[in-house]
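Shown next, in structure tokens, is the structure this report addresses.
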Amino acid sequence: MTKNIMIVGVGGQGSLLASKLIGHLLLSEGFDVKVSEVHGMSQRGGSVVTYVRYGEQVYSPIIDKGEADFIVSFEKLEAARYVEYLKEGGRIVVNTQEIDPMPVITGAVSYPKDLISKMENLGITVDAIDCLSLAEEAGSAKAVNLVLMGRLSNYFDIPVERWEKAIEECVPPKFVEMNKKAFLSGRGK
Amino acid sequence: MYSEEQVMEFDAGYLFLSYQAKETRKDIHMKQLMLGNKALARGLYEAGCGVVSSYPGTPSTEVTEEAAKYEEIYCEWAPNEKVAMETAFGASLAGVRSFCGMKHVGLNVAADPLFTCSYTGVNAGMVICVADDAGMHSSQNEQDSRHYAKSAKIPMLEPSDSGEAYAFAKAAFELSEEFDTPVIIKMCTRVAHSQSIVEPGSREEREPKPYEKNIAKYVMMPANAIGRHPVIEERTRKLTEYAENCRFNRVEMGDTRIGIITSSTSYQYVKEVFGENASILKLGMIYPLPKKLILDFASRVEKVVIVEELDPIIEEHCKALGLTVTGKDLLPMEGEYSQNLIAQKLGEKVPSYKSLGENLPGRPPVMCAGCPHRGLFYILSKKKCTVLGDIGCYTLGAVAPLSAMEMTLCMGASISSIHGFNKALGEKSEGKTVAVIGDSTFMHSGMTGLANIAYNQSNSTVIILDNSITGMTGHQQNPTTGYNIKGDPAGKIDLESLCRAMGFRRVKVVDPYHLDECERVIGEELEAKEPSVIISRRPCALLKYVKHEAPLTVKEENCKGCKSCMRLGCPAISIKNGKAVIDSTLCVGCKVCQQLCNFDALQAGEVSA
């Protein structure tokens, strides 16, 4: 059975490294893996989506509505935007950071309130975490992606050493220690 | 050039950490996840391809960027796709396997050499990649490039994942040489920009094929072309026979109550929905299409359904064969397909999901903080100019709150169109209409339009937005930047001299961070009674060598909450509790907003030690 992880966020937040890390790890765990992302317009501060699918044999490169086992979101509004992609019984792992989109910046609309409790009221399991603070503690605000991956790792039956090995293989040597630290702080144990 | 320090790569608008450069160069034969475009480049490399010339265009760009990482391949960015294809043709003629890559609309530009190199055929193998963009993630139209294969009578292969992109690229060269024809590989966004497993092999070094003078084959004047046309028709007959039983097309028999003929990424969606519950004819060669293979498949199933994105190419072929098929009567011509769309349209079960039932604010792409285009568009908006635009990041000038662009058609059209606009309206438009075009787009096909203005003398004002890079596609070098695709010093075309050489007496350069200067110069050039060029010059704020100033700060007691600064649409500025707030993580200290503040509320930041 193919499993689906959807990584969503705002252009510039580092979701490419997150999908690279997890794709690399799942491949080394022996799964067939497909990772799909869209380059171009969506990255000028726009909403970005990456699909990671794995299993014995994966066909479609994309995740459709009602299919995601996990939605891993770098930003609160983006988690809410893609909630329809979540499978029944799926889980949302979300960085509680708020990044105002242009319609909010210009004052045309306000940033929606209580998004997490609204999702929870639908019966969705939401794991919310302040990744930005943890990333800054670990040494760089840019490590939000690794904090989030650390949190996600709790839901996988893959030993922490193998996640760490994947970090070593995907991140330039001088950033490995900082990224591992961020990962472990997100993992929380 | 890919040293340890350079792993902070720029990719399509944002930084990410990557070892990709190193990975590509390692000749390891290990299973790995590879982007479709990178896999295609790997196939080129292993096939012994020696010359690559392309123009960037989403979603095709990475094929050439990845190919450039192999030292064995000469690789370049050409000024446009026509030049790229002719360069690849020249290399093939000389006896070296060659390649050119482009997006779907780029093939329109290269259509001229395409149709005739079908007639000449090749010497060494020549492969053309065209990447379609169903869903228009980053394109101005949704045209289906498969029409080109049919009309130019050139074989076209259509991979459905990275593994096939890799294998088809290698096979395409053999096909090209065996049938004496260029071969097109058609990608789409989901194949180009998805990673799946590839197991790379080794490069096959090839001696150049000898070049032999052959006027009848290579000089396409009427007498010779008349002789070549029957050769091409015969070639197509042979290729059709080849398609009946080739490695690119395969039948996967399952439940025979439904038989699906499909290709490309649609095949993956069909497998996702039906698995073994349908029989599938998977076409990897989309031109020429087989006849017997399709008729035989149809005879083994109860009904035939065609699943293909965009136009009904396979469907019309089947109907011409006399088959009754289902296709575009159920499935859309517009947009991308997906597993749910196919399941729903073909009466299969679709997963349920929960919905927030709330309209959430959109998150459209915006010009980056510190984007040099912003100041210029602010002035054009303030002066209520009619702005005829072009293709690039600056097309975002059409978006609110600037809303300062009224036309975008295709590469170079801003300049050609302003000439027509002003010829049509004369003095009624000349004093308030401008064309805006980026540096790379200008080199691509703005120059010829400018020659028309110089020659036929319309009183037009052209603004070249020179941000010293090809921005939208993710920072590619171009003939005005002084660097080549590998980042090494290269020839540099001087825009001012070029415009003057064309006969423009009025050529001005402005810094778009200086609003007063921009406003004055634009005003002067619109008033002038002769054609003029304004070069708005400042490098893209995301370029690595661009030094950022300290972020601005807001002096709260001065801020009246008048929102003048908000007219810029800068993502780093917002209003909280009636006062302007600067996001220090985004602000690059360009100080354009400061020039709009009448109350001295926006202050230059302290440079931290």
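Report, as an integer, the average count of C-beta atoms from other chains found within 10 Å of each Cβ along B:349-360.
Numbers: counts 0, 4, 9, 4, 12, 11, 4, 11, 2, 5, 2, 11.
For peptide B:349-360, the averaged partner shielding equals 6.
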Checklist outcome for this item: Per-residue average of other protein chain Cβ atoms inside 10 Å, peptide A:87-96 -> 1
Checklist entry - Can you give the extra length, in nm with one decimal, that the chain gains between B:His229 and B:Leu543 once fully stretched, where that is 0.36 nm per residue apart less the Cα-Cα distance? => result 108.1 nm
Checklist entry - Tell me, what HN-Hα J-couplings in whole Hz come from the Karplus equation 6.51 cos²θ - 1.76 cosθ + 1.60 at θ = phi - 60° for each residue of segment B:414-430, using x for Gly and Pro? => result 4, 6, 5, 6, 5, 4, x, 4, 6, 5, 6, 10, x, 4, 5, 10, 4
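For each of B:Glu244, B:Glu205, count neighbouring Cβ atoms within 10 Å of the residue's Cβ, then give the residues from fewest to most.
On the way: B:Glu244 15, B:Glu205 8.
In order of increasing Cβ crowding within 10 Å: B:Glu205, B:Glu244.
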Checklist entry - Considering only DSSP beta bridges whose two residues both sit in segment B:26-244, what percent are antiparallel, to the nearest 5? => result 15
Item to check | Sequence-distant residues sharing a close amide H with B:Gly327 (under 5 Å, placed H) | outcome: B:Ile306
Item to check | DSSP-assigned coil residues among GluC sites (Glu not before Pro) in segment B:70-137, each with at most 13 further Cβ atoms within 10 Å | outcome: B:Glu71, B:Glu72
Checklist outcome for this item: With the label point 7 Å along the Cα-to-beta-carbon line of B:Asp112 and a cut-off under 20 Å to each amide N, the hits in segment B:132-163 are B:148-149, B:151-153
Item to check | At R0 = 51 Å, FRET efficiency that the Cβ-Cβ distance of B:Asn141 and B:Lys563 yields, to 0.05 | outcome: 0.90
Checklist entry - Separation between the B:Lys238 and B:Met220 pseudo-spin-labels, each 7 Å from Cα along Cα→Cβ, expressed in nm? => result 1.9
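Using only helices, what value at 222 nm comes out for chain A when you add -39,500 (n - 2.57) per DSSP H run of length 4 or more and divide by the total residues, to the nearest 500 deg cm²/dmol? Spell out each step's value before the answer.
Working: 8 runs with 75 residues, N = 189.
It comes out at -11500 deg cm²/dmol, rounded to the nearest 500.
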Item to check | For residues of B:195-207, the mean tally of beta carbons on other chains within 10 Å | outcome: 2
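Given Cβ point charges of +1 (Lys, Arg) and -1 (Asp, Glu) and nothing else, what value in debye, to the nearest 20, does the dipole of segment B:388-460 about its Cα centre take? Working shown, then result.
Values: 3 positive and 5 negative charges, 26 e Å.
Rounded to the nearest 20 debye, it is 120 debye.
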Checklist outcome for this item: Expected vector for segment B:44-54, Karplus 3J(HN,Hα) from phi with 6.51, -1.76, 1.60 and θ = phi - 60°, integer Hz, x for Gly and Pro, equals 4, 4, 5, 6, x, 4, x, 9, 10, 9, 8
Checklist entry - In nm, to one decimal, how far is the modelled label at B:Met253 from the one at B:Lys31, with both set 7 Å along Cα→Cβ? => result 2.9
Checklist outcome for this item: Sorting B:Met407, B:Tyr45, B:Ser497 by the position of each Cα along the dipole of chain B (Lys, Arg +1; Asp, Glu -1; all at Cβ), the one nearest the positive end of that ordering is B:Met407
Item to check | Simple spin-label estimate for B:Asn277 and B:Thr324 in nanometres, 7 Å along Cα-Cβ | outcome: 2.5
Item to check | Where trypsin sites (Lys or Arg not before Pro) fall in DSSP loop in segment B:385-451, at most 15 other Cβ within 10 Å | outcome: B:Lys432
Checklist entry - If you line up the long axis of helix B:111-120 against the longest principal axis of chain B, both from Cα atoms, how many degrees apart are they, to the nearest 10? => result 30
Item to check | Dipole-positive endmost among A:Ser140, A:Pro173, A:Phe183 within segment A:138-189 (Cβ charges, Cα centre) | outcome: A:Ser140
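How do A:101-114, A:47-60, B:87-100 rank on mean C-beta neighbours within 10 Å, highest first? Don't jump to the answer; show the numbers that get you there.
Details: A:101-114: 15.9, A:47-60: 21.4, B:87-100: 24.6.
Result, highest mean Cβ count within 10 Å first: B:87-100, A:47-60, A:101-114.
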Checklist outcome for this item: About its Cα centre, segment A:3-187 carries a charge dipole, from +1 on Lys and Arg Cβ atoms and -1 on Asp and Glu Cβ atoms, whose size in debye to the nearest 20 is 240
Next on the checklist: Using 0.36 nm times the number of residues separating B:Lys349 and B:Val581, minus their current alpha carbon distance, what extension gain do you get?
Outcome noted: 78.6 nm
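For segment B:372-537, give me the percentage of DSSP beta bridges that are antiparallel, rounded to the nearest 5 percent.
Values: 2 of 22 bridges.
Of all bridge pairs located within segment B:372-537, approximately 10 percent are antiparallel.
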Next on the checklist: Please give me, ordered by residue number, the trypsin sites (Lys or Arg not before Pro) of segment B:286-331 that lie in loop per DSSP and have at most 16 other Cβ atoms within 10 Å.
Outcome noted: B:Lys291, B:Arg300, B:Lys303, B:Lys328
Checklist outcome for this item: Sorting B:Gly446, B:Ile379, A:Ala108 by the position of each Cα along the dipole of the protein assembly as shown (Lys, Arg +1; Asp, Glu -1; all at Cβ), the one nearest the positive end of that ordering is B:Ile379
Next on the checklist: Given R₀ = 41 Å, what would the calculated FRET efficiency be for B:Thr553 paired with B:Asn452, taking r from the Cβ atoms and rounding to 0.05?
Outcome noted: 0.25
Item to check | Distant-in-sequence amide H partners of B:Ile485 (H built 1.01 Å from N, under 5 Å) | outcome: B:Trp77
Item to check | Nonlocal amide H pairs with B:Ile534, under 5 Å, H built at 1.01 Å | outcome: B:Val462, B:Ile463, B:Ile464, B:Lys508
Checklist entry - With contacts defined as alpha carbon pairs under 8 Å and 6 or more residues apart, what's the relative contact order of chain A in percent? => result 20
Item to check | Unit charges on C-beta of K, R, D, E only; dipole of the protein assembly as shown, Debye | outcome: 940
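Coordinate-derived values only; no laboratory data. Keep in mind the model is a prediction, meaning the values are calculated, not measured. No Cβ is skipped: glycine too gets one built from the backbone with ideal geometry, and neighbour counts run over all protein chains shown.
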